[in-house]
Amino acid sequence: MQGLRQGEDPFDEGSAATGILRQPKAVWATAGASVVAFMGIGLVDPILPSIAQGLDATTGQVSLLFTSYFLITAVAMLVTGFVSSRIGGRRTLLAGLALVVVFAALSGTSSSVAELVGFRAGWGLGNALFVSTALAVIVGAAAGGSSAAILLYESALGLGMACGPLLGALLGNASWRYPFFGTAALMAVGFLCIAAFLKEQPKPARKTSLLDPLKALGHGGLASVAASAFFYNYAFFTILAFTPFVLDMTPYKSGAVFFAWGLLLAVFSVLVAPRLQRRFGSLKVLGASLVLLAVDLLVLGYGSHGTAIAATIVSGAFIGMNNTVFTELALGVSDAPRPVASAGYNFVRWFAAAAAPFLAPKIEEWSDVHIPFVVAALAALAGAAVVGVRRTALTHEAEELEPVHALEDGVTVFAD
């Protein structure tokens, strides 16, 4: 969905880009904190082998750092709207940031992998409160319409995904504990920025119940987006959580690989995906990108070490495009309020993010190192199949720049 002021040209390709740059301080503060929040996802990638060595843990045990984090994140998505609609977006953001600061710092003090997994779960709760609310705040407060807001959010995601492994490598080369302390410090800065620059957002007219996100999934279009994203996220987090063990490199080298991966993710999510969507349509871009991601996963799984490194980096391009299209579809495909639709969508997809880090090492134990990537490739193809089969349910909102179909608070709204 893209909000346009009266008289604004909906076909002006520069309007979204201009809108990204001209934002209130509150939006930049929220986006900056979002960068750090997303850094926390990929932060542990370069230091996973170091954590396993430092805590005398197996690959499967260390992978639970992702599983606990995203499992709690998924469940917490049902709570975020309930909380934010009662205490307001600003307080919800600050509560989420405070939890991340506390549990990220505690993660650095862990004496066992069980403690670290537990602290990462608390971190996931804080991240859920922050990330889901941050998207709604940015969309609500950003200038230039929701397309510009979504691109700004995806820019924060891409930059965070790129910088997380880099920070993890730079600090983790000395000790695996330092990246956690570093993240806590950066999140504390984000807390201060939000407190200083973001005013309390208007509360919704109706308070969100715990079941609203689940009810929103009763819409066929949103359920289809969530189902496709579930399979996609399994593939995504197989790459993020399992590949560092396969590459088996030093923190610096692993950090460099995932930094390059994150840069591609950012460029393709912000610059390439919107252009391809305008030319080919969202569903064609999404379907093709999922298929190409499946091919890339097979190359990663069966290629040489150098080929696997290249395939890991290239996967960032497909992940970046998928992230942008999935976010736009989830926010626009149903009539549910954006925070509610986002919560329902994220509730489904984060379960896959929790499952992949747990299952990939198990699958390797049961078979060999190649098969986890085969399973991930099949998951990506399943996501593409959902898009193809459910095309009719998704087409209404996915087609680019359809005629005007709604009015929101006197602002003309175009399908994006």
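The length gained on full extension between residue 170 and residue 374, counted as 0.36 nm times the residue separation minus their Cα-Cα distance, comes to 70.2 nm.
Determine the sum of side-chain charges near residue 243: Lys and Arg each +1, Asp and Glu each -1, restricted to other residues whose C-beta is under 15 angstrom from that of residue 243. My count for the surroundings of residue 243 gives -3. In the context of the full set of protein chains, residues of the chain present 38 Å² of accessible surface per residue (probe radius 1.4 Å, heavy atoms only). Could you tell me which of rounded, prolate or oblate describes region 208-415, using a ≥ b ≥ c as the square roots of the eigenvalues of the alpha-carbon gyration tensor, with rounded for a/c under 1.5 and, failing that, prolate when a/b is larger than b/c and oblate otherwise? Prolate shape, in that a/c is at least 1.5 and a/b is the bigger ratio. Close amide H pairs (under 5 Å, H built 1.01 Å from N) link residue 177 with no residue at least 5 positions away or on another chain. Distance between the 7 Å Cα→Cβ label points at residue 25 and residue 366: 5.5 nm. Inter-label distance, residue 211 to residue 395: 3.4 nm, where each label sits 7 Å from its Cα along the C-beta direction.
Can you give the translational diffusion coefficient of the chain in µm²/s, computed by Stokes-Einstein from the Kirkwood radius over Cα pairs at 25 °C and 0.890 mPa s? D, rounded to a whole number, is 117 µm²/s. In order along region 207-212, phi translates into HN-Hα couplings of 6, 7, 8, 5, 8, 4 Hz, rounded to whole numbers, per the Karplus curve 6.51 cos²θ - 1.76 cosθ + 1.60 with θ = phi - 60° and x for Gly and Pro. For the pair residue 252 and residue 279, a Förster radius of 35 Å applied to the C-beta separation gives a FRET efficiency near 0.35, rounded to the nearest 0.05.
Over the residues of the chain, the helix contribution to mean residue ellipticity at 222 nm works out to -26500 deg cm²/dmol, using -39500 (n - 2.57) for each DSSP H run of at least 4. Between region 170-203 and region 288-327, what is the separation of their alpha carbon centroids in Å? So the two Cα centres are separated by 30 Å. For the chain, the carbon plus sulfur part of the accessible surface works out to 66%, probe radius 1.4 Å.
3J(HN,Hα) along region 317-328: 5, 5, 5, x, 5, 4, 4, 5, 5, 4, 4, 5 Hz, from the Karplus curve 6.51 cos²θ - 1.76 cosθ + 1.60 with θ = phi - 60°, whole Hz, x for Gly and Pro.
In percent, rounded to a whole number, the relative contact order of the chain is 27, using alpha-carbon pairs under 8 Å and six or more apart. Peptides 294-301, 48-55 ordered by packing proxy, namely the average of other Cβ atoms within 10 Å per residue, highest first: 294-301, 48-55. Just add up the charged neighbours of residue 339: K/R +1, D/E -1, any other residue whose Cβ is under 12 Å from the Cβ of residue 339. Net charge in that neighbourhood comes out at +3.
Karplus-based coupling profile of region 291-303, in residue order and whole Hz: 5, 5, 5, 4, 4, 4, 5, 5, 5, 4, x, 10, x, with θ = phi - 60° in 6.51 cos²θ - 1.76 cosθ + 1.60 and x standing for Gly or Pro.
The values are calculated or read from the model by the stated rules, or taken from the named source; none is laboratory data. As the structure is a prediction and not an experimental result, all values here were calculated from the model. Every residue, glycine as well, gets a Cβ built from its backbone with ideal geometry; the counts of neighbours run over all protein chains shown. Ligands, DNA and RNA are stripped out before the accessible areas are found, and what is left, the full protein with its side chains, is counted by its heavy atoms. Shrake-Rupley method; radii C 1.70, N 1.55, O 1.52, S 1.80 Å.
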